[in-house]
Amino acid sequence: MERTGSKLTNLTDAELVSLALEQNQAAYIVLYTRYDKGVRAHISRYVSQQEDIEDICLESFQKAFSQIGSYNPAYKFSTWLYRIARNTAFDHISRKDREKNNLPTTSISEQISEMTEIPAAMHNPEDEIINQQEYDKWLANIDRLKDDYRIVAKMNLIDNFGYKEIADELEIPINTVKTRIRRAKAMLLKMMDVSDELI
């Protein structure tokens, strides 16, 4: 795929998914930016509380990105993503109802992983150099964040710590962790957007 001199934001969803499968972190950020508002709007059809919408939105993207290899390119990426968001919202509603009635709170999500897996793209040394440059730029932007945001961003986005693990490690409330991660992501997306070029 020819990418030299073009911005990631100009690529199709399928091209971005291919890059994401190659562990290109900037591709994930572009997909997140492209669909963040749409996913929130979709979730708000099922859930009314703003804080719940935020949490479900983040959880939906985490699920989608962790299982992006199961996305079937025969379908639109947005359809697949909104389905995950809907199921996550239903899980959340169902879990809340079950908690209210003192019932078990096990997940009722459909198995996303049953969908066809995309084969990994062929190894290309030039792509690897480009991806490394983008990843380095992403890491540099994380380092530019203020202390409170930089620490949680590194723990969550690089080290894959969950909210509770971060809260326990830093000895701060879990809601503070969620807020800081949300704000750190928003700042990172803005930084990537205003970067002189996304290869």
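One residue stands out among those in the stretch 29-51 that are among the charged types (D, E, K, R) and closer than 23 Å to Thr176 by Cβ: the one that is modelled with the lowest pLDDT, which is Glu51. Out of the residues in the stretch 1-12 that are in a loop (DSSP other than H, G, I, E, B) and among the hydrophobic types (A, V, I, L, M, F, W, C), state the one that is modelled with the lowest pLDDT. By that ranking, first place goes to Met1. Filtering Glu59, Glu99, Glu54, Glu15 for residues that are over 20 Å from Leu157 (Cα atoms) and at pLDDT 85 or above leaves a single hit, Glu15. None of Ser60, Ser66 is within 19 Å of Val30 (Cα to Cα), surrounded by 19 or more Cβ atoms within 10 Å (Cβ to Cβ) and of a type in the set (Ser, Thr, Tyr) except Ser60. Within the stretch 35-53, the residues that satisfy the criterion of being surrounded by 16 or more Cβ atoms within 10 Å (Cβ to Cβ) and either under 16 Å from the mean Cα position of the chain (by Cα) or not hydroxyl-bearing (Ser, Thr, Tyr) (or both) are Tyr35, Asp36, Val39, Arg40, His42, Ile43, Val47, Asp52, Ile53. For the stretch 166-182, the set of residues classified as touching a helix residue (DSSP H, G or I) at 6+ places or on another chain (Cβ under 9 Å) and at positive phi is empty. Per the conditions (1) closer than 30 Å to Arg45 by Cα; (2) at pLDDT 65 or above; (3) within 21 Å of the chain's Cα centre (by Cα), the sole criterion not satisfied by Glu114 is (2).
A residue that is at pLDDT below 70, within 23 Å of Ser18 (Cβ to Cβ) and surrounded by 12 or more Cβ atoms within 10 Å (Cβ to Cβ) occurs nowhere in the stretch 159-174. Here the condition is being part of a helix (DSSP H, G or I), among the small types (Gly, Ala, Ser), modelled with pLDDT under 90 and under 14 Å from the mean Cα position of the chain (by Cα); of Ala26, Ala85, it holds for Ala26 alone.
The values are calculated or read from the model by the stated rules, or taken from the named source; none is laboratory data. The model shown is predicted, which means the values in this text are computed figures rather than measured ones. Heads up, the Cβs are rebuilt from the backbone with ideal geometry, glycines too, and the neighbour counts pull from every protein chain shown.
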